[in-house]
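Undergrad: There's a structure below that I have some questions on.
Only the coordinates and a few stated rules stand behind these numbers; no lab work does. Since the structure is predicted, the reported quantities are computational estimates derived from the model, not experimental observations. Heads up, the Cβs are rebuilt from the backbone with ideal geometry, glycines too, and the neighbour counts pull from every protein chain shown.
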Amino acid sequence: MLVPVDAARCGIVVSLAYATALNLSGRPIYRNPLCLLHREAAARLERAAELAGAIGLRFKIFDAYRPPEAQWRLWEACPDPDFVADPRRGSPHSRGVAVDLTLIDRSGEELPMGTGFDATVEQSHHGRTDLPADAQRNRLTLLGIMTAAGWDHYSKEWWHYQLFDARRYPLIADGALAPPLM
Ligand SMILES: [Zn+2]
């Protein structure tokens, strides 16, 4: 079941790249720019935001739940399985249990991470020692926060985190939203 991320309460900035042309397809993919996650993922994101807040940092989210239809559009633009999940297998984003994010400081400035979000290059992989030390440190800070909050990382994208055993969560068709809480 999907729930909206309570961005205001967690101090999270939502900047969904696929609702704009600023993504690897070069055009908007989402009709409805909603930041949604599976309930379990939303709870772990809140925990991670709490840990980040304790050291004066916040999150900027580039993507969360991604409708399976959007996954097809993305795959057509970039059919590289290192960076885009084959829609026939299904992305953890389409299960509502993955999030793409970075760290921002108090003024909302993104911390340097060495590459941009969605950069389909080897420098986007974790464990690169050929990046400026501050970018390495920032990536490790994000990795530590997310790991401590119960997230699994993806070795080829510093910005992507997902729940462990993501494939045990079902793919969720567009529109499968949780009823509003009363
Ligand atoms: Zn992702």
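Undergrad: With only Lys, Arg, Asp and Glu charged, each at its Cβ (+1 for the first two, -1 for the last two), find how big the charge dipole of the chain is about the Cα centre; round to the nearest 20 debye. Before the final figure, lay out the partial values.
TA: Working: 20 positive and 22 negative charges, 80 e Å.
The dipole of the chain has a size of about 380 debye.
Undergrad: Here's another thing I want to ask about it. Taking 0.36 nm per residue of sequence separation and subtracting the Cα-Cα distance, how much length would be gained by fully extending the chain between Arg31 and Asp152, in nm to one decimal? Before the final figure, lay out each step's value.
TA: Working: separation 121, 0.36 × 121 = 43.56 nm, distance 2.86 nm.
Residue separation times 0.36 nm, minus the Cα-Cα distance, leaves 40.7 nm.
Undergrad: Set the Förster radius R0 to 35 Å, insert the Cβ-Cβ distance between Asp82 and Asp174 as r into 1/(1 + (r/R0)^6), and round the FRET efficiency to 0.05. Walk me through the numbers on the way to the answer.
TA: Values: r = 26 Å, r/R0 = 0.73.
For Asp82 and Asp174, the calculated efficiency is 0.85.
Undergrad: Something else: Note the full-extension length gain between Arg128 and Ala21 as 0.36 nm times their separation in residues minus their Cα-Cα distance, in nm to one decimal. Show your work: numbers first, answer last.
TA: Values: separation 107, 0.36 × 107 = 38.52 nm, distance 2.85 nm.
Gain in length upon complete extension: 35.7 nm.
Undergrad: Cα-based Rg (one decimal) and Dmax (whole number) for region 1-88, in Å?
TA: Final numbers for Rg and Dmax: 14.1, 41 Å.
Undergrad: Let me ask something else about it. Which of the trypsin sites (Lys or Arg not before Pro) found in region 1-101 are in a DSSP loop and have at most 13 neighbouring Cβ atoms, other than their own, within 10 Å?
TA: Working: sites: Arg9, Arg31, Arg39, Arg44, Arg47, Arg58, Lys60, Arg73, Arg88, Arg89, Arg95; in loops: Arg31, Arg88, Arg89.
For trypsin sites (Lys or Arg not before Pro) across region 1-101 that sit outside H, G, I, E and B with at most 13 neighbouring Cβ atoms in 10 Å, the list reads Arg31, Arg88, Arg89.
Undergrad: Over region 2-168, with a single point scatterer placed on each C-alpha, what log10 of the ratio I(q)/I(0) does the Debye formula yield at q = 0.08, 0.19 1/Å?
TA: With one equal scatterer per Cα and no solvent, log10 I(q)/I(0) is -0.21, -1.32.
Undergrad: Moving on. Return the tail of the calculated pair distribution for region 82-155, meaning the percent of Cα-Cα pairs more than 13 Å apart. If you can, show how the numbers build up before the last one.
TA: Working: 1924 of 2701 pairs.
Percent of Cα pairs beyond 13 Å in region 82-155: 71.
Undergrad: Between Arg137 and Phe164, how high is the FRET efficiency from 1/(1 + (r/R0)^6) when r is the Cβ-Cβ distance and R₀ = 25 Å? Nearest 0.05.
TA: On the way: r = 25 Å, r/R0 = 1.01.
Once rounded, the FRET efficiency stands at 0.50.
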